[in-house]
Amino acid sequence: MLTTEKIHLTAEDGHSLSAYSARPKGDIKGGLVILQEIFGVNHHIRAVVDGFAHEGYAAIAPAVFDRIQPDYEADYEPAAVAAGREVVMALGSEGPLMDIDAAIQAVKPHGQVGVVGYCWGGSFAWLSASRLKPAAAIAYYGGRIPDLLDEKPTCPVMMHFGELDAHIPMDSVEAVRKAFPDIPICTYPARHGFNCDERAEYDADSAKLARERTLDFLQIHVC
């Protein structure tokens, strides 16, 4: 059984944002901040939060798009992709990082806190690893990471990429690997967004293996 709720957070600059929270009824291993794709804290991201809560974590997904459009949720149609990209361009980085930090602080009472991000959120998991202070960060197909190699993570990091990702070519992934040879970078015979079971790009085998690796990583660095 889980306790789920929509809560409100206040960022360092006074901005108020919503967040979806889930935690187990029993013992809690630690906290997790789940960072969304460009589609908002939608049905899929809430399911991801629930899934990590079932694994024993107090998980929370901050609605970072609230800075532009409160309660933003979208499907995976081309028009939604274009709209999400416009929001991302308007957001920048400074505000989202403050929102992510507010989410980290919200689950800190439950112990060590990890950050897990997908797509847009994968890039911000990487930024969180260098600019905030989580115990660990896991980035799924973060498209901006190859352009952010000057960042210096201060916590353990794991990355997941699809070998068939049309948005993140493998030579870019190899550049990340070369720059950070000690970071585990896992690749899969899959496309961008392979973890999302509501997208055409979903790859069940790759998603399952990435999840197992993610949970093992969290068990070491967050629990």
Please state the relative contact order of the range 51-199 as a whole percent: Cα pairs under 8 Å, 6+ residues apart? 16 percent
Magnitude of the charge dipole, the chain, Cβ model with Lys/Arg +1 and Asp/Glu -1, debye to 20: 600 debye
C-alpha center-to-center spacing [the range 56-102, the range 10-32] in angstrom: 16 Å
Surpassing 30 Å at the alpha-carbon level, of the pairs LYS6/LYS152; LYS29/LYS208; LYS25/LYS208, are LYS6/LYS152
Hz values of 3J(HN,Hα) by residue in the range 61-67 - Karplus curve (6.51, -1.76, 1.60), Gly and Pro given as x: 10, x, 7, 5, 6, 4, 5
Expected sort for 89-102, 47-60, 151-164 on mean C-beta neighbours within 10 Å, highest first, is 47-60, 151-164, 89-102
Provide the FRET efficiency to the nearest 0.05 for the ALA47-ASP150 pair, computing r from the beta carbons and using R0 = 41 Å. 0.75
Taking the alpha-carbon distance from LYS133 and a cut-off under 14 Å, which aspartates and glutamates remain once sequence neighbours fewer than 8 residues away in the same chain are dropped? ASP99, ASP101, GLU151
LYS108 label point, 7 Å along Cα→Cβ, cut-off 12 Å on backbone N: hits in the range 123-144? 133-135
Length gain on complete extension for the stretch SER18 to TYR202, per 0.36 nm per residue less the alpha carbon to alpha carbon distance? 63.5 nm
Residue list for the range 19-44, given a label point 7 angstrom along the Cα-to-Cβ vector of MET1 and an amide N cut-off under 18 Å: 22-28
Can you run phi through the Karplus equation (6.51, -1.76, 1.60; θ = phi - 60°) for the range 74-91 and list ³J(HN,Hα) in whole Hz, with x for Gly and Pro? 9, 8, 10, 6, x, 5, 5, 4, 4, 5, x, 5, 5, 5, 4, 4, 6, 6
Order these peptides, 13-24, 169-180, 33-44, 127-138, by their mean beta-carbon neighbour count within 10 angstrom, highest first. 33-44, 127-138, 13-24, 169-180
If you build a Gaussian network model of the chain, linking Cα atoms that sit under 10 Å apart, which residue out of TYR202, TYR118, TYR76 swings the most? TYR76
Label-point separation, HIS8 to ALA80 (7 Å along Cα→Cβ), nm: 2.7 nm
With label points set 7 Å from each Cα along the Cα-to-Cβ direction at ASP71 and ALA90, the distance between them in nm comes to 1.7 nm
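Each value in this text was obtained by applying a stated rule to the coordinates, not by laboratory testing. The shown structure was predicted, so the numbers you read here are calculated from the model rather than taken from an experiment. Here Cβ is always computed from backbone atoms with ideal geometry, including for glycine, and neighbour counts include all displayed protein chains.
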